[in-house]
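Notes to accompany the following structure.
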Amino acid sequence: MTPFTTLSTTAVPLPIEDVDTDQIIPARFLKAVTRDGFGENLFRDWRFDKDGQMKEDFVLNNPLYRGEILVAGANFGCGSSREHAAWAIGDYGFRVVVSSYFADIFRGNALNNGILPLVVSPTLLDEIFKTIEADPQARFTVNLEAQTFKNETTGTVSTFDIDSYKKTCLINGYDDIDYLLSQRELIEKFEQERQDFSLV
Amino acid sequence: MGKTLFDKVWDAHVVTEIPGGNQVLYIDRHLIHEVTSPQAFNGLRRRELPLLRKDRIVATADHNVPTKDQDKPISEPLSAKQVRMLTENCAEFDVPLYGLGHPYQGIVHVIGPELGITRPGITMVCGDSHTSTHGAFGAVAFGIGTSQVEQVMATQCLLLTKPKKMRINVEGDLSPGVTAKDIILYVISKLGTGGGTGYFVEYAGSAIRALSMEGRMTICNMSIEMGARGGLIAPDQTTFDYLAGREFSPQGKDWEAAVAYWKTLPTDPDANFDVEHTYRAEEITPMVTYGTNPGMGMGVRESIPVSSDIHGAAGIAKAMKYMDLEAGKPIHELAIDYVFIGSCTNSRIEDLRAVVDLVGDKQVAPSVTAIVVPGSQQVAKQAIAEGLDQKLIAAGFEFRGAGCSACLGMNEDKVPAGKYCVSTSNRNFEGRQGPGARTILASPLTAAAAAITGKVTDVRDLLLQPA
């Protein structure tokens with residue numbers, strides 16, 4: 001996993017609530033057996049019409065908006081557990097998704113792929129959308145160590161929450177699996193000591 | 001202070017807690033399918049890791065399988081490859097596989113319970129958000145991403161923070177024509193697609209206790225549609241009766257011991273929940289969705305809201321554009337094109353029986369393509385044994401082989417762009433049943449009624465008609 005420390009970049013606004021993972025990556029693109037290449041079908045049916053032509057009114061097709069931060073409406077990533085959604089967002093080039101809250105499974109999938117799901121207040125989310133609307137070149141700076149998010153245009157600095165374990169993982173590029181493998185002895189002890197009705 | 005059902009099951013599986021609030025949670029049973037497992041197997045190979053516990057994992061092929069000509073090779077090359085990869089991976093890692101052609105094959109959330117793999121008091125995961133289905137048995141069951149599939153394969157554990165607890169009580173008696181599906185669509189319409197985010201939900205109350213296991217599975221299945229991590233229902237005699245004698249259920253003394261343990265699991269009277277909601281069963285009518293997420297639901301006779309506490313006007317307007325419907329108007333009697341009866345939400349034998357009972361001697365409207373897709377080979381076998389398949393075919397339905405089918409637009413079964421489909425599945429997202437498809441979620445009864453009339457129909461009108 002690629003380590004994440006700080007990022008200063010422009011942002012892409014997607015002011016739509018309840019964006020589900022079927023929109024992020026439709027099921028017909030889940031047939032790959034590797035983790036690569038999903039970015040080209042990110043938001044496929046919002047980006048392209050049925051003939052494969054770009055829909056000019058969709059933000060990813062607007063050359064004004066570029067950057068490694070995606071700013072989205074509340075409840076981003078709801079629906080299917082498909083990690084392909086996080087792979088598509090990462091493969092497209094986003095390192096951070098900002099929203100007022102994330103669906104639980106998507107949030108976990110993002111963190112497991114070195115993508116920071118950054119939760120801001122609804123008021124701040126609104127301010128970020130306004131900043132980008134006024135100036136698509138507006139820059140934002142994320143500092144994971146300090147847990148700060150700065151709107152470089154307004155100068156507003158806000159802090160965000162992330163649990164200390166996940167923060168360490170992101171900064172160092174660790175996977176959960178590395179930690180879990182280190183717990184092998186405890187896991188085997190647990191198996192031996194408990195009463196188990198799951199397999200009888 | 002007492003503990004909730006969720007606390008009891010979760011806490012019994014905590015191996016250790018680490019600084020920052022994460023817990024190492026032991027996973028009893030792991031179900032896998034062809035879509036979310038290949039990258040996890042690749043990860044094991046890359047790290048040169050074996051499966052830690054081969055006796056705790058079971059595989060099936062469901063998302064990509066065709067529901068016609070299941071004895072022939074899969075014609076779509078990428079689907080065929082994904083299913084072949086599952087077969088090869090299961091052979092290499094020695095995972096039991098109920099693949100296409102196996103008598104136990106079917107939708108992963110249908111076969112777990114019917115084989116007695118799912119049971120009370122266990123932790124269960126699958127790379128699929130509808131794993132919440134298994135909570136109907138009093139299990140802590142939830143969907144995970146592929147990185148976590150790999151973690152469970154390698155360590156039989158996950159690193160998680162414990163969710164908060166919500167209880168949803170549904171009290172009273174359901175009216176005729178109102179089913180478990182209507183209960184859960186009603187609840188989600190009240191709480192919205194994000195209302196359960198961060199929570200594990202226990203469903204309780206007299207209307208829940210009165211449900212069959214099939215009905216309880218329908219309820220728990222859609223927990224994820226309000227954003228909940230999972231949903232569960234206290235095990236009781238209905239649960240035990242369903243599980244007794246199943247293929248992998250405990251037997252003899254093991255059964256007695258297991259039931260004794262399962263009886264200790266229900267929530268203690270003095271246990272606390274972070275949030276509690278209570279609804280009256282009598283207030284629930286047959287439900288339909290009008291929009292592009294499962295929270296956009298209403299009684300079949302109601303009018304589409306212009307905005308609500310949960311859905312802003314912009315969200316509804318966007319949905320109306322996609323659905324080609326008008327806010328403020330009803331959708332009762334809207335002409336429909338397709339009916340899909342199937343999916344992990346409503347494809348069990350009880351669902352099929354309910355459809356056949358409602359249809360009786362009536363015929364599917366000529367304007368409607370209606371397909372019935374049993375959730376598993378075992379459900380199909382049972383339906384055939386009861387003659388349900390012949391009755392459905394005689395009425396003008398197609399009776400297919402088991403699989404996820406038209407729920408998700410991944411296999412050959414899709415709804416064409418612009419067409420309306422009344423569907424017993426779980427998601428009405430844009431493009432879910434195929435690019436441009438317009439989904440109206442409903443119960444099997446309401447879907448069957450729509451098949452007969454060719455329109456969105458209040459099933460209670462058909463129930464009132466003399467036979």
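Within region B:417-432, being among the hydroxyl-bearing types (Ser, Thr, Tyr) and open to solvent by 10 Å² or more (accessible area, probe 1.4 Å) holds for one residue alone: B:Tyr420. If you check every pair at least six apart or on different chains, which have Cβ atoms under 6 Å apart with a residue in region B:38-59 that is assigned by TED's automatic domain parsing to the domain that holds B:Leu97 first and a residue that is aliphatic (A, V, I, L, M) and at pLDDT below 95 second? Listed by first residue and then by second, the contacts come to B:Pro38/A:Val33.
Could you check region A:42-86 and list, in sequence order, the residues that are in a loop (DSSP other than H, G, I, E, B) and among the charged types (D, E, K, R)? Talk me through it step by step, then tell me what you get.
Initially, region A:42-86 is screened for residues in a loop (DSSP other than H, G, I, E, B), giving A:42-43, A:49-53, A:55-58, A:62-68, A:73-75, A:77, A:79-83.
Of everything in region A:42-86, those that are in a loop (DSSP other than H, G, I, E, B) and among the charged types (D, E, K, R) turn out to be A:Asp49, A:Lys50, A:Asp51, A:Lys55, A:Glu56, A:Asp57, A:Arg66, A:Glu68, A:Arg82, A:Glu83.
A residue that is small (Gly, Ala, Ser) and surrounded by 21 or more Cβ atoms within 10 Å (Cβ to Cβ) cannot be found anywhere in region B:2-20.
Could you list, in sequence order, all residues of region B:381-407 that are open to solvent by 60 Å² or more (accessible area, probe 1.4 Å), more than 14 Å from B:Arg353 (Cα to Cα) and not small (Gly, Ala, Ser)?
B:Glu398
Name every residue in region B:433-443 that is open to solvent by 10 Å² or more (accessible area, probe 1.4 Å) and touching a residue at least 24 places away in the same chain (Cβ under 8 Å), in order of residue number. If the condition is that a residue be open to solvent by 10 Å² or more (accessible area, probe 1.4 Å) and touching a residue at least 24 places away in the same chain (Cβ under 8 Å), then B:Pro435, B:Arg438 are the ones that fit. Of B:Pro103, B:Pro120, all but one fail to be within 21 Å of B:Leu243 (Cα to Cα), more than 17 Å from the chain's Cα centre (by Cα) and surrounded by fewer than 18 Cβ atoms within 10 Å (Cβ to Cβ); the exception is B:Pro103.
Would you confirm, using the coordinates I've provided, whether B:Arg46 is under 23 Å from the mean Cα position of the chain (by Cα) and either surrounded by fewer than 24 Cβ atoms within 10 Å (Cβ to Cβ) or among the aliphatic types (A, V, I, L, M) (or both)? Considered against the rule, which asks whether it is under 23 Å from the mean Cα position of the chain (by Cα) and either surrounded by fewer than 24 Cβ atoms within 10 Å (Cβ to Cβ) or among the aliphatic types (A, V, I, L, M) (or both), B:Arg46 comes out as no.
Being among the hydroxyl-bearing types (Ser, Thr, Tyr), more than 15 Å from the chain's Cα centre (by Cα) and surrounded by fewer than 16 Cβ atoms within 10 Å (Cβ to Cβ) is a property that B:Thr193 lacks. Taken over region B:164-210, the residue count meeting the criterion of being away from every other protein chain (no Cβ under 14 Å) and hydroxyl-bearing (Ser, Thr, Tyr) is 5. Residue count for region B:5-35 under the criterion of being under 25 Å from A:Ile25 (Cα atoms) and within 7 Å of chain A (Cβ to nearest Cβ): the result is 1.
For region A:83-102, which residues satisfy the criterion of being within 24 Å of B:Arg432 (Cβ to Cβ) and open to solvent by less than 10 Å² (accessible area, probe 1.4 Å)?
Within region A:83-102, the first condition is being within 24 Å of B:Arg432 (Cβ to Cβ), and the residues that meet it are A:83-92, A:94, A:97, A:99, A:101-102.
A:Glu83, A:His84, A:Ala85, A:Ala86, A:Ala88, A:Ile89, A:Phe94, A:Val97, A:Ser99, A:Phe102, listed by residue number.
Within the set A:Asp51, A:Asp45, A:Asp57, the sole residue that is within 24 Å of B:Ile316 (Cβ to Cβ), open to solvent by 20 Å² or more (accessible area, probe 1.4 Å), more than 17 Å from the chain's Cα centre (by Cα) and more than 8 Å from chain B (Cβ to nearest Cβ) turns out to be A:Asp57. When A:Leu180, A:Leu144, A:Leu199, A:Leu118 are screened for being in contact with an Asp or Glu (Cβ under 8 Å, 6 or more places away or on another chain) and either free of Cβ contacts under 8 Å to residues at least 24 places away in the same chain or hydrophobic (A, V, I, L, M, F, W, C) (or both), only A:Leu199 passes. None of B:Leu78, B:Leu52 is open to solvent by 10 Å² or more (accessible area, probe 1.4 Å) and within 27 Å of the chain's Cα centre (by Cα) except B:Leu78.
Considering only residues that are within 12 Å of chain B (Cβ to nearest Cβ) and either in a helix (DSSP H, G or I) or open to solvent by 10 Å² or more (accessible area, probe 1.4 Å) (or both), which ones fall in region A:1-25?
Matches in region A:1-25: A:Met1, A:Pro15, A:Ile16, A:Glu17, A:Asp18, A:Thr21, A:Asp22, A:Gln23, A:Ile24.
Where in region B:212-327 are the strands (runs of 3 or more DSSP E), entirely inside, with at least 2 residues that are of a type in the set (A, V, I, L, M, F, W, C) and either in contact with an Asp or Glu (Cβ under 6 Å, 6 or more places away or on another chain) or open to solvent by less than 10 Å² (accessible area, probe 1.4 Å) (or both)?
B:287-289
Of all the criteria given as (1) over 16 Å from B:Thr60 (Cα atoms); (2) out of contact with any helix residue (DSSP H, G or I) (no Cβ under 7 Å at 6 or more places or on another chain); (3) not charged (D, E, K, R), the one not satisfied by B:Ala136 is (2).
Across region A:27-41, the qualifying residues are those that are open to solvent by 10 Å² or more (accessible area, probe 1.4 Å) and part of a loop (DSSP other than H, G, I, E, B), and the one among them that is farthest from the other protein chains (Cβ to nearest Cβ) is A:Gly37.
Screening B:Asn428 against (1) within 23 Å of A:Arg47 (Cβ to Cβ); (2) more than 22 Å from the chain's Cα centre (by Cα) leaves a single unmet condition, (2).
Could you please let me know if B:Asp324 is within 25 Å of the chain's Cα centre (by Cα) and among the charged types (D, E, K, R)?
On the way: within 25 Å of the chain's Cα centre (by Cα): no; among the charged types (D, E, K, R): yes.
So B:Asp324 fails the test.
Strands (runs of 3 or more DSSP E) fully within region B:90-163 that include at least 2 residues being under 20 Å from A:Leu199 (Cβ atoms) and more than 9 Å from chain A (Cβ to nearest Cβ): B:140-143. Residue check: is A:Ala72 crowded, with 18+ Cβ neighbours inside 10 Å, farther than 26 Å from B:Thr36 by Cβ and under 14 Å from the mean Cα position of the chain (by Cα)? Considered against the rule, which asks whether it is crowded, with 18+ Cβ neighbours inside 10 Å, farther than 26 Å from B:Thr36 by Cβ and under 14 Å from the mean Cα position of the chain (by Cα), A:Ala72 comes out as no.
The values are calculated or read from the model by the stated rules, or taken from the named source; none is laboratory data. Small disclaimer: the values here were computed from a predicted structure and weren't measured. Glycine also receives a Cβ, built like all others from the backbone with ideal geometry; neighbour counts cover every protein chain displayed. Ligands, DNA and RNA are excluded from the accessible area calculation, which covers all protein heavy atoms including side chains. Shrake-Rupley method; radii C 1.70, N 1.55, O 1.52, S 1.80 Å.
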